[in-house]
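Okay, structure first, notes after.
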Amino acid sequence: MDYFEGGFRILVQQPGLNFWSTAQKNYGDVRIEADVLKLAGPDENRMGVMCRYQGGNYYFFVISNDGYYAVGKFINNQTTLLGQSEMQPSALIEPNMISHLRADCVGNTLTFYVNFNQVATVQDADLSAGDIGVVAGTFSQPGVDVSFDNFVVMQP
């Protein structure tokens, strides 16, 4: 993980692994936005933003380069998707193009936007505050290389 050509780059070279970077801040209600682009690697991947990170637990809002999205939580080393049983397809996600992501974590409501269109709203009360950041990961194939740019955090 490092800054590269004006963005923040995460390279994941092992299968089934997530890397993330946080801002070392603490927020309750927050709106996070970022532009994300797959630079190299498999299209089946994870790239997105996270909120309420505390002690390894967090909410995530991710897309994959092959056109899927998910909202979920990682609590006590367990991943749970919220409002869906698996990643959902969306025509809003164009392979190998920059995607603008927005996540609103307000009260118990988590709302995800892809390219300025709302794709999911879910309710969950497990985490009420914490850090924010970006996340990238692999499924069965290693080598996903992701760039994040225009990262913005706002308190609604």
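The values are calculated or read from the model by the stated rules, or taken from the named source; none is laboratory data. The structure displayed is predicted, hence computed values, not measured ones. Because the Cβ atoms are built from the backbone with ideal geometry, glycine has one as well, and the counts that use them run over all protein chains shown. We work out accessible area using only protein heavy atoms, side chains counted, and drop any ligands, DNA or RNA first. Shrake-Rupley method; radii C 1.70, N 1.55, O 1.52, S 1.80 Å.
Values computed for the structure shown
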quantity: Residues being aromatic (F, W, Y) and part of a loop (DSSP other than H, G, I, E, B) - total across region 124-151; calculated: 1
quantity: Cross-chain or 6+ apart pairs with Cβ under 9 Å, region 75-92 first and free of Cβ contacts under 8 Å to residues at least 12 places away in the same chain and over 16 Å from R46 (Cα atoms), then among the charged types (D, E, K, R) and open to solvent by 60 Å² or more (accessible area, probe 1.4 Å); calculated: none
quantity: Residues of region 59-90 satisfying the condition of being aliphatic (A, V, I, L, M) and outside any strand (DSSP E or B); calculated: L82, M87
quantity: Yes/no for V62 being open to solvent by less than 10 Å² (accessible area, probe 1.4 Å), out of contact with any Leu (no Cβ under 8 Å at 6 or more places or on another chain), hydrophobic (A, V, I, L, M, F, W, C) and at pLDDT 95 or above; calculated: yes
quantity: Selection status of S99, open to solvent by 10 Å² or more (accessible area, probe 1.4 Å) and either more than 21 Å from Q155 (Cα to Cα) or touching a residue at least 24 places away in the same chain (Cβ under 8 Å) (or both); calculated: no
quantity: Output for region 73-96, where each listed residue is among the small types (G, A, S) and open to solvent by less than 60 Å² (accessible area, probe 1.4 Å); calculated: S90
quantity: Of residues in region 21-38 being farther than 13 Å from F151 by Cβ and over 16 Å from the mean Cα position of the chain (by Cα), the one most open to solvent (accessible area, probe 1.4 Å); calculated: Q24
